[in-house]
1. Taking chain A as the reference, fit the longest principal axis to its C-alpha atoms, fit the long axis of helix A:257-270 to the helix C-alpha atoms, and give the angle between the two in degrees, 0 to 90, nearest 10.
2. Quick check on the protein assembly as shown: helices-only [θ] at 222 nm, where DSSP H runs of length 4 and up contribute -39,500 (n - 2.57) each and the sum goes over total residues. Nearest 500, please.
3. Taking the beta-carbon count within 10 Å as an exposure proxy, list A:317, A:206, B:82 from fewest neighbours to most.
4. Could you identify which residue out of A:364, A:140, A:81 has the top mean-square fluctuation in a GNM of chain A using Cα springs shorter than 10 Å?
5. Please compute the average number of Cβ atoms from other chains found within 10 Å of each residue's Cβ in peptide B:90-100.
6. Can you put A:205, A:48 in order of Cβ neighbours within 10 angstrom, beginning with the fewest?
7. Angle between the Cα long axis of helix A:336-352 and the longest principal axis of chain A, 0 to 90 degrees, nearest 10?
8. State log₁₀ I(q)/I(0) for the stretch A:130-239 at q = 0.18, 0.19 Å⁻¹ as given by the Debye formula over alpha-carbon point scatterers of equal weight, solvent excluded.
């Protein structure tokens, strides 16, 4: 079967986008991606929109149809992909399937979310609704799970509290060089460690913010890619997997089954293993998740990811395996439907050498996009085309 | 490329499902479909949920994860497919792509919606939000478009008002033999013609109801189908297409571009033409839409579908081309995310000879699922495996 390529990428300014609505954000990323790929709207066969909750946040549904209209891409087929906070990764998977199945020779994927016009409480309510009612209706939301898991991890593996703060400090440092990141400022260990407690032992700087933004990727068969671009990226492996929807039913709270299974599938499909990955974007919605994904994906043994972080193994400019060169969700921001797509944008830019001051030396990259508290996870492995 | 087969189907009772929520409905159809197909939950690779608005209707998101959990299908990959009122057809397309791309060897698609616990006004608000703000914020909702289009059609093509009522009468008659239909009662012409005006010239019986319900299909490669079933169905052609999101920008209000384009794609892929179709499920959310789809799909010339209906061409037991043998959305009901899947269930049952008292003689069938007022349409052509 012919491989699926990525020939263009775009990402809008993440942050507070006042006076705009979801369709504006999607159209902005979509137009930039068409331009970046050198593809006309007429040539788009399928158009996917990764978005979790435009209806809940804005009272607006049918946004894929609005986007097809705004880009003047009719009669391109369009559809919304929702897999909660992993909608973006699910969008990459849907777009990959559309091309790999032969249904589309040119697929534009745009992910976006508009959230900041709602209060933190309102946004939290919408996000909490993705968990099982037995959990969120008793007040156990995603940050609570993160706090419980972090405490367990630190105690069980004898990890210092500082190791979590180092994830935040690293990702903020990377975000400084990302002009589209919501926060382009460094923080020091003291700031992270003394910020207000949210879900003990996790503090404010262990959490990603609420964000508006969008991002896009253009996918096509490799034979078509060669017509459009000298340098492009190929999706070598991709898979998605669920874990129990009720989080407390999991056997080991430090093992994210969806990460392990989707990673296994993506590695197998690509022929690569953890040792072949040169750069990775992990879903650091909470700092603790960066450890759990490093371990689930085989970058570290169970209980040892914190040591690698302490040793600088995941630093951008000096580490063996730079993680979250984009700034991650932590400093780049987390517009739900956009985040997984933006992970793909960062890996694409790293692999084609367009990451500017964030550039690392990489031939193979990986993204891991986590829905809920690992309820469903999509892992994608990409490589620079040879 | 290997063909994609359907090896099982299920549909729950459509109507008012008090005391249940969306996850219950999805699990019911999902379990029945697993049983119908003789497939274990362990064997499901991908699980798609067609659902437009569980968040808006019930304050609940993440329902695909809930379904994977309820069916004990972990670590199957899961994702929600939303294409407004054509979410079900979009689900068939997504499920087809998952199999045709090689990503999944066994895909369960479950479509569902829980709506009747909300008032008609609230449900209408949610549905209206799928249109462009320039329309719904000035009060032009889908029923308004239907009324305007029906008036134009009747006047322009010199069609009698009675021809629309005949669609309702026919579909109600078919629904009597569908034990899962919301309305299992015949209506006469007088009842249809004298029901209260909703959007002149359309009256109450020109509109589908608000409904709870779910439906499911099991898809796999044809080589796998042969292991599970003696009789199965193959998807011969499938395509989706958009029209302008702003309805008033269309050149001819009686031509549904999305129907025409998706039909063209599905015919081309299948090698069949309109003359080869033996049975069809069309999206009769409003009676006028049955005419427009008949014309857009080439079953009738423009402006002439009403004559075929008058002549009995689309009657179940005596017509050349039975349309909406299931009862259609009109009498079966229209739980948004389920409707397109249920269309597929009806065609599957017709082609494998399991339609009971509704059975017609058919080798090739077609479903047309319309999102919005034709903003995005998916057409699927199926045939009995030989």
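1. 40
2. Details: 30 runs with 299 residues, N = 772.
Value at 222 nm, helices only, nearest 500: -11500 deg cm²/dmol.
3. Values: A:317 13, A:206 27, B:82 30.
Listed from fewest to most nearby Cβ atoms, that is A:317, A:206, B:82.
4. Per the Cα network of chain A with a 10 Å cutoff, A:140 tops the list.
5. Numbers: counts 5, 1, 0, 6, 7, 1, 3, 12, 5, 2, 6.
Partner-chain Cβ atoms within 10 Å, mean over residues of B:90-100: 4.
6. On the way: A:205 24, A:48 32.
Taking fewest neighbouring Cβ atoms as first place, the list is A:205, A:48.
7. 70
8. -1.01, -1.04
We did not get these values from a lab; they are worked out from the coordinates using the rules stated. The structure displayed is predicted, hence computed values, not measured ones. For neighbour counting, all protein chains shown are included, and Cβ atoms are generated from backbone atoms with ideal geometry for every residue, glycine included.
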